[in-house]
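J.: Encoded as C-alpha cells, here's the structure I'll be asking about.
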C-alpha cells in the first residue's frame, strides 16, 4: 500500500515515457520530489479529452461528499472492491487516471520489534512509470473545486511480498489507452489490468529512516543503507 512516492523524472524523460497518451507536459515545472506524502499534489494524466498532465491532491474525496470535516480522503483503493464501494464505483467507470512516479516506499515490519525498515522500490530501468489511479471532483459551497486522486492496490508480487502485503497497480504502457478511455468502461474490461507487476522488472533496497518524516524531501531519501 504505497504511502510515499518519488517523482524525479525530467520533462524529457516523462515526455519519452508517456508521449503515446499526452502531448502536454507543461505542468512539469516543479522541482524533483523525493518524498511525496498524502494530501500533497500527485502528477496525474486524467482520462479527459485533453489528457494534459496535471497535479491532483493525493486523497480522493467523493463528489457526493457534503462536508469535508466528516470525510477522510482515501489515498488507496483496493482493486478487489472498486465496483462495490460507493466512493470508488463511479470513478472506476468514468474517472480514471495515470499516477506518474519514479518510485515508491514501503515499510517492512521487523520480527519481534515495533521498528520498521523503509524500502525504496522502482523499475530496474529507472524510468518513470504509472500507477493505476482514480480521480474525482469535489465542488465546494463557495463554487471552488478540488481535484483529488487515489492509487489502486492489488496483491503483492514476489519482490514486494516480504516487505508488504499490498502493492500499487503498475500499468504497462500497453494498458494506458484502455485505462484512459473516455466515458463509461465496464469493470469487466478493466479488472484484467489490475494485477501485480512482474517482479523481475523491479528492484527494492533499504533506505534510511530519514524518509519517515515528510518534511525531508531530497536525494538522501533514496540513498541505500
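The values are calculated or read from the model by the stated rules, or taken from the named source; none is laboratory data. Owing to the predicted nature of the structure, the values given are computational and were not obtained by experimental measurement. Every residue, glycine among them, receives a Cβ derived from its backbone with ideal geometry; neighbour counts consider all protein chains shown.
J.: Would you mention how many residues in the stretch 166-194 are outside any helix (DSSP H, G or I) and either farther than 26 Å from residue 73 by Cβ or in contact (Cβ under 8 Å) with a residue 60 or more places away in the chain (or both)?
T.: 16
J.: Continuing with the same structure: Would you confirm whether any residue within the stretch 70-80 is more than 17 Å from the chain's Cα centre (by Cα), part of a loop (DSSP other than H, G, I, E, B) and over 29 Å from residue 203 (Cβ atoms)?
T.: Yes, that holds for at least one residue.
J.: Out of 9, 43, 49, report the one residue that is farther than 24 Å from residue 192 by Cβ, touching a residue at least 40 places away in the same chain (Cβ under 8 Å) and out of contact with any helix residue (DSSP H, G or I) (no Cβ under 9 Å at 6 or more places or on another chain).
T.: 49
J.: Are any residues in the stretch 52-67 in contact (Cβ under 8 Å) with a residue 40 or more places away in the chain and more than 22 Å from residue 184 (Cα to Cα), and if so, which ones?
T.: Correct list: 57, 58, 59.
J.: Here are 156, 128: which of them is over 30 Å from residue 70 (Cα atoms), touching a helix residue (DSSP H, G or I) at 6+ places or on another chain (Cβ under 7 Å) and either surrounded by fewer than 23 Cβ atoms within 10 Å (Cβ to Cβ) or without any contact (Cβ under 8 Å) to a residue 60 or more places away in the chain (or both)?
T.: 128
J.: For residues in the stretch 89-112 being at pLDDT below 95 and part of a loop (DSSP other than H, G, I, E, B), which is farthest from residue 16 (Cα to Cα)?
T.: My answer is 112.
J.: Let me ask something else. What is the residue count in the stretch 135-145 for residues that are farther than 24 Å from residue 81 by Cβ and either in a strand (DSSP E or B) or out of contact with any helix residue (DSSP H, G or I) (no Cβ under 9 Å at 6 or more places or on another chain) (or both)?
T.: Count: 6.
J.: Please find, within the stretch 195-225, the residue that is surrounded by the fewest Cβ atoms within 10 Å (Cβ to Cβ) out of those that are part of a helix (DSSP H, G or I) and touching a helix residue (DSSP H, G or I) at 6+ places or on another chain (Cβ under 6 Å).
T.: Selected residue: 220.
J.: Taking residue 118 as the residue in question, decide whether it is assigned to a loop (DSSP other than H, G, I, E, B) and touching a residue at least 60 places away in the same chain (Cβ under 8 Å).
T.: No, not satisfied.
J.: Right, next: For residue 84, state whether it is under 30 Å from residue 220 (Cα atoms) and either assigned to a loop (DSSP other than H, G, I, E, B) or touching a strand residue (DSSP E or B) at 6+ places or on another chain (Cβ under 9 Å) (or both).
T.: Judged against the criteria, residue 84 is not a match.
J.: Right, something else. Among the numbered conditions (1) surrounded by fewer than 15 Cβ atoms within 10 Å (Cβ to Cβ); (2) at pLDDT 85 or above, tell me where residue 67 comes up short.
T.: Residue 67 satisfies every listed condition except (2).
J.: Inside the stretch 167-192, can you point out the residues that are within 27 Å of residue 119 (Cβ to Cβ) and surrounded by 17 or more Cβ atoms within 10 Å (Cβ to Cβ)?
T.: 167, 168, 169, 170, 171, 175, 176, 179
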